[in-house]
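To start, the structure itself, in structure tokens.
The values are calculated or read from the model by the stated rules, or taken from the named source; none is laboratory data. No experiment lies behind these values; they were computed from the predicted model shown. Here the Cβ positions follow ideal geometry from the backbone for every residue, glycine too, while neighbour counts run over all protein chains shown. The area values use the complete protein model at the heavy-atom level, side chains included, leaving out ligands, DNA and RNA. Shrake-Rupley method; radii C 1.70, N 1.55, O 1.52, S 1.80 Å.
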Amino acid sequence: MFSSFFHRFFDKNKELAIPLEEVRFVVFDTETTGFDVVTDRILSVGAVTVFKNRIDLKNSLEVFLKQEKSNPESIPIHGIIKNHKYDKLPEKEAVELFFNYVQDAVLVGHHVGYDIKMINAAFQRHQLPILNNNYLDTNYLFKKIKIINYLLQNDKNYTLDEVCQELNIITHDRHNAAGDAFLTAIAFLKIISKLAEFRKITTLNMLLKL
């Protein structure tokens, strides 16, 4: 099942002169027991597809994972408790579902490197191939907008709340994987619109090379 998708993965060394509206993006977020990639575990994954400058809400993913590990300190943030009455999937089944949803899409997330590491750690625990997709971080892209506006080098790392506030996005369902994925998707569309306007970023390879 996994190997059938790899021939469709983007070659990262290839010129990807694809108009952004023709690229399938998967915007996603994870909620976890903590921030240690080795010892912590994924509790939920939320993802939504962006294609042709639209968020496809009918084609979204939200999955909760069965986990023995629990961290009481993180529960006030995400609200997911060990015995919560969500329909939960075993970790292997959940990450396979996510893999099949993503396929060869470009991944998008806020501080996305952490989420990818957590997903790939889960793949490795089950001896499955890891994600090898191109990816984009909305924190990094947002800083490119700030540089445009202020003509400064910008070393600040922005929270999703700060990005939403500056882009006039009303926040709701924060620290919920599906809700955060949706908010990140809105922010992503606003950011690439501004990049197209101010820096004429109109293709995937231009966006990846920023």
Subset of the range 97-116, residues loosely packed, with under 15 Cβ neighbours inside 10 Å and either of a type in the set (D, E, K, R) or touching a helix residue (DSSP H, G or I) at 6+ places or on another chain (Cβ under 7 Å) (or both), comes to 103
Report, by residue number, each residue of the range 153-210 that is out of contact with any helix residue (DSSP H, G or I) (no Cβ under 6 Å at 6 or more places or on another chain), among the basic types (Lys, Arg) and assigned to a helix (DSSP H, G or I).
-> 190, 199
Among the residues of the range 167-183 satisfying the criterion of being among the hydrophobic types (A, V, I, L, M, F, W, C) and in contact (Cβ under 8 Å) with a residue 60 or more places away in the chain, which is most open to solvent (accessible area, probe 1.4 Å)?
-> 182
Which one of these is of a type outside the set (Asp, Glu) and touching a residue at least 24 places away in the same chain (Cβ under 8 Å): 186, 147?
-> 186
Residue 209 vs (1) over 21 Å from residue 23 (Cα atoms); (2) open to solvent by 50 Å² or more (accessible area, probe 1.4 Å): all pass except (1)
